Each structure stands twice: as C-alpha cells, then as structure tokens.
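Following: one structure in structure tokens, then a few remarks.
The values are calculated or read from the model by the stated rules, or taken from the named source; none is laboratory data. These figures come from a predicted structure and were not determined experimentally. A quick note on method: Cβ atoms are made from the backbone with ideal geometry, for glycine too, and the neighbour counts reach across all protein chains shown. Accessible surface areas use protein heavy atoms only, side chains included; no ligands, DNA or RNA. Shrake-Rupley method; radii C 1.70, N 1.55, O 1.52, S 1.80 Å.
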Amino acid sequence: MIKSPVAHLTDFVDGKPAATDPSSHELDLIARQTGQSIGTIAESGKAGVDRAVWAASAAFAANRKQPTHQRITWLNAAASAVKNAADEIAALICEDVGKPIRMARFEVRRGAEFLELSAAALTQLGGETLPLDITAPGTGHIGFVRRVPYGVVAGITPFNAPVNLLVQKIAPAIAAGNAMVVKPALAGTRTALRLAQLCYEAGWPKNLFNVVTGDRETASALASHRDVRAVSFTGGTVAGDALARAAGAKKFVAELGSNAANIVLADADIETAAKKIASAAFEASGQQCISAQRILVARPVLDIFLRHFTAAAKGLKVGKAEDPTTDVGPMIGKASATRVMAMCDDALAKGASFILQPRQDEATVSPGILIDVPTDARLWREEVFGPIALVTAFDNVDEALRMANDSDFGLQGAVFTRDLAAALRFSEDFEVGALWINEATRFRLDNYPFGGMKRSGVGREGVRYAIEEFSQIKFTGITV
C-alpha cells in the first residue's frame, strides 16, 4: 500500500502540474484510515479555472475535426494506461477515500473497461436523414441530422468512486469530440491528477483533458465559466441546485441524491434477496448513490427475511481498507460517521428500534438495521449515504408502490419477485429512472441509461446515452 509523503497538489494543465500560486488557499488531503493530513490541495479558484478552460478551448479548436478513428485510438490507449497502472491507482483510492482495496481494484478495472466501451460505441453511432417532402413545401429538399460536440465540458465529481465517476464523464465527452476540464472532490484529487497524466502520456493532445483542484469556490467558477458549454455533475442534490444556478442557461447533466427502495415480494427467493440487498446496503460503507436504504418486505415473509438479512449483514467484515478481505471500511470522515449515527438516533426517538445496532469507531460505522422507522424520520426522507438500512412491511403491491414512491428521489429501484405481471406493474408505476428485477439497487452495468427522476437528477449516463448527452443535434437542409 502507498504510504504517501506529504504532497502539494495543483492543477494539471499544459500536460503537467501547474506552478504553485503562493496566494492560493490550501486544503488538507486526509488519509481516511488515520484521519491525518498527508498533503495539501491548492484552491484553483477563478484564475486557475480561467487558465484551464482557455487552454481546453484552444485544444478543442485544434482537435475538433479529428476523425473518429483517432478518438477511438485515444480512448483505447487510455484504457491500456489505466490497466497498467491499476495497482497504483487502487492504492490511491484506498488511502484517500477509505474504499476497501478489493473494491478499489474492481473500480479501476471497470474504469478501463468503460474507456474501451466508449471507443467501441463510436463504431455504431450515426445521424439520420429526414423525409422533408412529407409536406408540400419540403418538395425538392433533403435534410440530415448529425451530432456535434459542445466544446469545453466541465465535469464535477464526488469522492466515492474517483475513477469510475470520473471516467463516466471523460470518456463520453472525448468520444463526442469535446475537450474536458474536471474538478474532482478533495479525496479524489490524486486519482484525477494521475488519470490526466496517464491520458497525456498515452498520447492525448495537450489540454484535451485538464484538472482543476479545490472545493466549492473552484466548482462554482468552473460551472459558471462563459466558455464552458456543458456541465456534468455527480453529487448531492443541494450542491447540484447551487451548481445549476451558477451554470445558468447551458447544458446541465446531473446524477444527484437517492434513497433507494428495494422491494421483496412474498414469492421471491428470500435468502438470495437478503444476501444481495445486504451487499447493496452495507459494502463500501453504503457510500454509493444507489446503496439500498429502504427495504420494503411483504408482511408474510418479513420475519424470515430479517433473519437472512441480519445474518448476511453480520457476515460482512468490518476492517481496515487495505485488508483485501474487508467489506466495510471507514467512511469519508468522522463527521460523516457521526451524521449517520445522528440519523439513527432521530429514528429511535420517533419510535424505531434496532434489529442490528451499528457501532461507530472514529470514521468507521458497522452495518445497522432498523425497523418501525416512521415516514417523518430522517432515515426515511433523506439519503443516509452510510451502512444503515431500514426494513418495513407492506400488505399488497399498491401499498408497496405507495411506500416506495414516498420519496423526493427516484434514481434506481429494485424488486424481487418471480411474478412477471408484478414485475411489469412495478416497471410501469415505480418512479425511478432505472429498475432491476431480482438484483439489488447497487447493481449497475455501464451500457444502459442510468439517471434519475424527481430530485435524483437530469440526463443519463451509460456509454451511448452519455455520448448523446455530451453532443448536440445539428440539422442541415439542402435544396436540390
């Protein structure tokens, strides 16, 4: 594992780290397992954002007519570079984020595969011709539609998946012909800077992919920059609202908060459902936007589900992030762990009780399961973003749907059932952007459209769908 020397992290522009600005504010880079500072991060601010965006604008102008095969080459070269540096990048994620090393390694492999999938998708994308002569004025005209890039795209990414959620933005943006400037979360800064360096060393043109460092000041400056034509953000709903206001009238794609409902019908394979949902709720400390939070179970099978669910939760190993056998490591910080415990206390004060009581040790929280959580409790209404799940019973499908939809969020849902008619009913009436039958909510593949309804965001990720989000439709009509 990396035992990092103290480092000072700055923007990546012009193919190299930017010079340190002595007047810039500095932020701490924290090792999550120890809670100690292992370096500092410069707040790029408006001046740094200006430099990075102007350089990216020039790179876009110089490369906007590059042929598709060249973009395919760039993406595949980046995938190879990520694979070759996989152990190094996984160690950065483990140290800076606290993600268990086994899951960090999986994330890096997934990031490389996503780059390859984006390259492959470019072989299948095309435009369309329009039958303009379907009306009399259109006689003697032909028209076609194609997708063109925006220019400079801003990506603002969270801490919890610093490779995956970064690559989910970079690869489609570059595939669509854009340049990109990324502002990662503080804990994802070293990872983002390393990826930018790897892409440059793999042959990407200088400034096609730049990184600015810092926190809210830099994120706001990037989203609001007049030369940024589109913004893609993953993070909390409050932050998303603020960035959308800062961005103003430009393309804005956002994957925001969640409070994922997993529904277990009486005809489901109860033991399998319990195991899958436990993994989705508690692994990686529940710090995923689609981690299982509200578990709705048909009343006749509630007791047997709780037995299997509790057993599965107890079977997960809570430990050090660098241990390959660890399932639940530290959260992003002690303050986050304390917030999660406070949400449990709120539910208890309103009548809930523990089936499995969580324990906090600094930034680490062990899995917790509650029952009888009322709908006015924070655990029901808010995103917990921690290893806590509530379980409640329902009596029929209508009640299950009412309870599942009783949320401001609607990102991804899950239903466990053997009944095709019931599955189709949930597909029709469950207010989520994506729904899995017989997989828990944390199950995700990268080739389907992923995004939310309601307060969970706007736009879609997923290889082809993200490429479409990062490009705009242009029509050309011709008189013949």
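For this structure, a couple of remarks:
- Matching residues in the stretch 290-318 - criterion: being within 26 Å of the chain's Cα centre (by Cα) and either on the phi > 0 side of the Ramachandran plot or open to solvent by 20 Å² or more (accessible area, probe 1.4 Å) (or both): Ala312, Leu316, Lys317, Val318
- Flag for Leu424 being more than 21 Å from Cys289 (Cα to Cα), more than 22 Å from the chain's Cα centre (by Cα), of a type in the set (A, V, I, L, M) and not in a loop (DSSP other than H, G, I, E, B): yes
- Beta carbons closer than 6 Å, at least 6 apart along the sequence or on distinct chains, pair a first residue in the stretch 277-300 that is closer than 18 Å to Ala400 by Cβ with a second that is acidic (Asp, Glu) for Arg299/Asp395.
- Residue within the stretch 225-238 that is among the charged types (D, E, K, R) and touching an Asp or Glu at 6+ places or on another chain (Cβ under 8 Å) present: no
- Every pair of residues 6+ apart whose Cβ atoms lie under 8 Å, when the first sits in the stretch 466-480 and is basic (Lys, Arg) while the second is open to solvent by less than 40 Å² (accessible area, probe 1.4 Å) and assigned to a strand (DSSP E or B): Lys474/Val145; Lys474/Val148
- Qualifying position, being out of contact with any helix residue (DSSP H, G or I) (no Cβ under 6 Å at 6 or more places or on another chain) and open to solvent by 60 Å² or more (accessible area, probe 1.4 Å), among Ala91, Ala42, Ala55, Ala47: Ala47
- Residue identified as open to solvent by less than 10 Å² (accessible area, probe 1.4 Å), within 16 Å of Gly48 (Cα to Cα), within 20 Å of the chain's Cα centre (by Cα) and not basic (Lys, Arg) among Val152, Val163, Val167, Val182: Val182
- Residue match in the stretch 273-288 (condition: within 27 Å of Gly236 (Cβ to Cβ), surrounded by fewer than 24 Cβ atoms within 10 Å (Cβ to Cβ) and touching a Ser or Thr at 6+ places or on another chain (Cβ under 6 Å)): no
- Candidate set from the stretch 16-30 (those that are under 27 Å from the mean Cα position of the chain (by Cα) and open to solvent by 80 Å² or more (accessible area, probe 1.4 Å)); member that is nearest to Glu217 (Cα to Cα): Glu26
- The residues of the stretch 248-276 that are closer than 30 Å to Arg229 by Cβ and not in a strand (DSSP E or B), listed by number, are Gly248, Ala249, Lys250, Leu256, Gly257, Ser258.
- Among the residues of the stretch 402-421, those identified as charged (D, E, K, R) and within 24 Å of the chain's Cα centre (by Cα) are Asp406, Asp408.
- Test for Arg245: is it assigned to a helix (DSSP H, G or I), among the basic types (Lys, Arg) and surrounded by fewer than 18 Cβ atoms within 10 Å (Cβ to Cβ): yes
- Total residues in the stretch 430-480 satisfying the condition of being farther than 24 Å from Met103 by Cα, of a type in the set (Gly, Ala, Ser) and part of a strand (DSSP E or B): the figure is 3.
- Among the residues of this structure, Leu130 counts as one that is in contact with a strand residue (DSSP E or B) (Cβ under 8 Å, 6 or more places away or on another chain) and either closer than 28 Å to Lys65 by Cα or β-branched (Val, Ile, Thr) (or both).
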